[in-house]
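Single-structure report; data block below.
The values are calculated or read from the model by the stated rules, or taken from the named source; none is laboratory data. Treat the numbers as computed from the prediction; the structure is a model and nothing was measured. Here Cβ is always computed from backbone atoms with ideal geometry, including for glycine, and neighbour counts include all displayed protein chains. These accessible areas exclude ligands, DNA and RNA; they are computed on the full protein's heavy atoms, side chains included. Shrake-Rupley method; radii C 1.70, N 1.55, O 1.52, S 1.80 Å.
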Amino acid sequence: MGRNSRYRSWARPPAPGPQGAVRLHWRDEQLPEGGGPFLAYGNGRSYGDSCLNSGGTLVDLRGLDRFISFDAETGVLRCEAGVLLSDILGRFVPEGWFLPVTPGTQQVTVGGAIANDVHGKNHHWAGSFGHHVRRFELLRSDGSRLLCSPRENADWFGATIGGLGLTGVILWAEIALKRIEGPAMEVESLRFSRVEEFLELSRASHNAYEYTVAWIDSLTPGPGGARGLFFRGNHAAGHHAAAPSRRKPGLPVTPPVSLLPRAAVGLFNTAVYRWPRRRHAVAHYEPFFYPLDAVPNWNRLFGRKGFYQYQCVIPQDQAGAAIGEIIARVARAQEGSFLSVLKVFGNRKPPGWLSFSRPGTTLAFDFPDRGRSTLALLDTLDEITDEAGGAVYPAKDARMKARIFERGYPALHRFERYRDPAFMSDFWRRVTSGDTQQGAANA
Ligand SMILES: Cc1cc2nc3c(=O)[nH]c(=O)nc-3n(C[C@H](O)[C@H](O)[C@H](O)COP(=O)(O)OP(=O)(O)OC[C@H]3O[C@@H](n4cnc5c(N)ncnc54)[C@H](O)[C@@H]3O)c2cc1C
């Protein structure tokens, strides 16, 4: 086992305390004795501290990266938990299969996708990743192994999906892929200028479009309060899709300060808003689902201090007012969010006890870390979210207070009984009470 500070999250500088790391290579391996508290680590694409474990041991799962079996009749794939979503797409898209749900990067492991119960642009049709998980094997620190599905060890299944890696290590999982006719997507983009207009476009697109998402200009939201672009699309039949262009070189080093000054962000936002009012295109799935993957290490643009992503979900009856208020506060604060994304979630019951995605509208921003002013703005956004009965996404968070987490995730006390006593994360230390921390200390 080695000490290693290279394990970090996507948006933050390395964790303050050193953390040891152990890599699993075989599914029959055990966790080392006495090395805890442990935490599974996928590919570090969580933005905040939910994948970090200062002073403890990260269990690196990227050594478990093999496909185990595939049923070409049903599309059910069994693979090890360290397999990347990009590995699955690379192997199965040519055979006419696609991920049932995918987040905005394909550089995510299957274990990480389950532990955060990630969502994609098709939540209104397909729910979240956990809805498509048939079964997995969970390794606990006492050496026990549990087969979990909606029928076997169903409590462990519900606790582990969205369970932030705290119930043990997922060794392998079965997920149901979906049929597609090819790699092409038919995509339409439409401009809007008010939150209500966005909500109306979402309603109008619900039945006919599998994928919907919107971008908003959060620096200069315009007289209507939220100008932006609404994207909707479907997998295309019989269309030729141009192969994606080669990946552009990323930033080799992290600059000392953010390269995203407010003026540049403003110019970017205005340029995009000048796109035509309505545009149709046929595109390869990669630029449609993963535009940010085209620039490796884009996170370094924010400089050595890193950045915060803020993502919340607001119940639908409060969405118009609360989302409008959040956008107005962000614009007024001029903290310079580069990427602001809006999406309506569907009504499926979340599969995990701590799943983030639930019926409502979700909104995400990236803010360069400017210290106190950024933290004060994020606290304000928490209050608006909380008053509207919403929740903040742990996979993106590095600073929410325990009260906000507890109110957004009322199942957390039931969950605590299923947390492995030898598992802990920086996120969990921060958002739970002293009792929970004591549990980890005794582990
Ligand atoms: C550009 C970008 C776009 C994104 N877009 C979206 C999006 O659209 N929707 C969305 O929901 N998320 C999105 N995310 C967040 C990302 O999908 C999640 O944070 C994802 O869970 C990261 O997976 P990972 O494999 O990198 O895991 P890590 O970040 O390393 O870990 C994530 C969590 O999973 C746990 N974990 C990892 N492997 C295992 C395992 N084998 N067993 C048990 N627990 C495990 C860890 O302990 C940790 O709690 C995005 C991230 C980026 C960088």
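Please state the charge dipole magnitude for the chain, taken about the Cα centre, from unit charges on C-beta atoms (+1 on K and R, -1 on D and E), reported in debye and rounded to the nearest 20. Provide the component values of the computation, followed by the final result.
Working: 53 positive and 43 negative charges, 220 e Å.
Dipole about the Cα centre, nearest 20: 1060 debye.
Which Rg and Dmax, in Å, describe the Cα atoms of the chain?
In order Rg, Dmax, the Cα atoms of the chain give 20.9, 61 Å.
Report the one residue of 90, 110, 42 whose Cα lies farthest in the direction of the positive end of the charge dipole of the range 1-128 (charges on C-beta: Lys and Arg +1, Asp and Glu -1; origin at the Cα centre).
Farthest along the dipole direction, towards plus: 42.
At 0.36 nm per residue, minus the direct Cα-Cα distance, what do residue 30 and residue 329 gain on full extension? Give it in nm, one decimal, please. Provide the component values of the computation, followed by the final result.
Values: separation 299, 0.36 × 299 = 107.64 nm, distance 4.91 nm.
Value of the extension gain: 102.7 nm.
Between the range 174-188 and the range 274-329, how far is it from one alpha carbon centroid to the other, in angstrom?
Distance between centres, Cα-based: 22 Å.
For the chain, what is the mean residue ellipticity at 222 nm derived from helices alone (per DSSP H run of n ≥ 4: -39500 (n - 2.57); sum divided by total residues; nearest 500 deg cm²/dmol)?
On the way: 13 runs with 114 residues, N = 443.
Calculated mean residue ellipticity at 222 nm is -7000 deg cm²/dmol.
With every protein chain left in place, what is the accessible area per residue of the chain in square angstrom, probe 1.4 Å?
It amounts to 41 Å² per residue over the chain.
Would you tell me the accessible area of residue 413, worked out with a 1.4 angstrom probe on the heavy atoms of the protein chains, in Å² to the nearest 10?
My reading of the accessible area for residue 413 is about 120 Å².
Could you sort 31, 139 by accessible area so the largest value comes first, with the probe set to 1.4 Å?
On the way: 31 20, 139 0 Å².
Reading off the accessible areas and sorting them downward yields 31, 139.
Could you sort the peptides 291-301, 361-371 by per-residue average Cβ neighbour count (10 Å cutoff), highest mean leading?
Values: 291-301: 15.6, 361-371: 21.7.
The peptides rank, most packed first, as 361-371, 291-301.
Within the accessible area of the range 95-163, what % is carbon and sulfur when the probe is 1.4 Å and the other protein chains stay in place? The partial results should precede the final answer.
Values: 960 of 1980 Å².
Of all accessible area on the range 95-163, carbon and sulfur atoms account for 48 percent.
Sort the following peptides by mean Cβ neighbour count (other Cβ atoms within 10 Å, averaged over residues), highest first: 107-115, 227-235. Numbers along the way, then the final one.
Details: 107-115: 26.8, 227-235: 21.7.
The packing order, highest mean first, is 107-115, 227-235.
On a straight-distance basis, which lysines could pair with residue 343 in a cross-link, Cα separation under 20 angstrom, same-chain partners fewer than 8 positions away excluded?
Partners within reach: 121, 396.
Quote to one decimal, in nm, the extra length available between residue 76 and residue 304 on full extension: 0.36 nm per residue of separation minus the C-alpha distance between them.
Working: separation 228, 0.36 × 228 = 82.08 nm, distance 4.20 nm.
In short, 77.9 nm is gained.
Can you tally the net charge around residue 306? Count Lys and Arg as +1, Asp and Glu as -1, for every other residue whose Cβ sits under 12 Å from the Cβ of residue 306. Let's see the in-between values first.
On the way: positive: 8, 12, 300, 304, 305, 370, 399; negative: 49, 366, 369.
Cβ neighbours under 12 Å give a net charge of +4.
With labels modelled as points extended 7 Å from the Cα through the Cβ direction, what inter-label distance (nm, one decimal) is found for residue 149 paired with residue 372?
5.7
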